[in-house]
């Protein structure tokens, strides 16, 4: 049993859009908890609600009703002015298309995440070097994204997501742009981070990815169809 409070708590989360006069429930009364250090995936067909759910948890959109809490902070009640601060302090994002700044080196791409958090310059560089070395990129940290392979770019993105010691990492199809060998390496890396205590939630279409996670939430028609722990 885990006696700690969940890192993520979702209660009755609902998102309804109107198509003309017809309501469409992208999320319909979704509730679940995620404990510290969990490595889980959310799967389901297109239109199942998994991307909408990620947007709610990542403060990229607001629910119609219900609530969510990350590390004790009620994120669904956050004002627009508060959302960027919560994202910066509580959440690390990893995207399918990497979203690295092309004019910056790998080191600078990790550094910039901490610059917005007002971390002193010396500590930023120390942390960025530490993370990139952890990702196996010690010899590549002064290269720009165009000089890196897809797998290397995604490892830079993971290092950037880790920079501000997030409560949770949200990974949106993090292996969607890489080959099978690189996919397996990235999933293995994420699993290793989770084993060290980092909470990681992956949204994926790839069953080879979800099969490696310790818990799989399957969504269908805006609802949780199943929630299975290994």
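Quick note: the coordinates plus some simple rules give every number you see, no bench work behind them. Note that the structure is a prediction, hence the values are computed from the model and not measured. Note: ideal-geometry Cβ built from the backbone for every residue, glycine included; neighbour counts use all protein chains shown.
Dividing the Cα radius of gyration of the range 39-95 by 2.2 N^0.38 Å, with N the residue count, gives 1.15.
With only the Cα atoms considered, the range 21-121 has a convex hull volume of 170 Å³ per residue.
With r as the distance between the Cβ atoms of residue 78 and residue 99 and R0 = 25 Å, compute the FRET efficiency 1/(1 + (r/R0)^6) and round to 0.05. E between residue 99 and residue 78, to the nearest 0.05, is 0.65. The distance linking the range 170-194 with the range 41-91 is 22 Å (Cα centroid to Cα centroid, whole angstrom). Considering only alpha-carbon pairs that sit under 8 angstrom and 6 or more positions apart, the relative contact order computed for the range 104-230 is 21 percent. For the range 109-155, a Kirkwood radius taken over Cα pairs fed into Stokes-Einstein (10 °C, viscosity 1.306 mPa s) yields D = 143 µm²/s. Here the range 155-230 was treated as a single set of alpha-carbon atoms; its pair distances binned every 5 Å from 0 give 3, 14, 26, 26, 17, 11, 3, 0 percent.
Under the rule a/c < 1.5 gives rounded, and otherwise a/b versus b/c splits prolate from oblate, where does the chain land using the Cα gyration tensor? In terms of gyration-tensor shape, prolate.
Counted by neighbouring Cβ atoms within 10 Å, the residues 129, 230 run from fewest to most as 230, 129. Modelled spin-label separation between residue 5 and residue 230, with each label point placed 7 Å from Cα along the Cα-to-Cβ direction: 3.0 nm. Mean residue ellipticity, 222 nm, helices only, the chain: the sum of -39500 (n - 2.57) across DSSP H runs of n ≥ 4, divided by residue count and rounded to 500, is -9500 deg cm²/dmol.
Taken along the Cα-to-beta-carbon direction at a fixed 7 Å, the label points for residue 223 and residue 89 span 3.7 nm. Per-residue extension of 0.36 nm, minus the Cα-Cα distance of residue 24 and residue 126, leaves a gain of 31.9 nm for this segment.
Under the criterion of Cα pairs below 8 Å and six or more residues apart, the relative contact order for the chain equals 29 percent.
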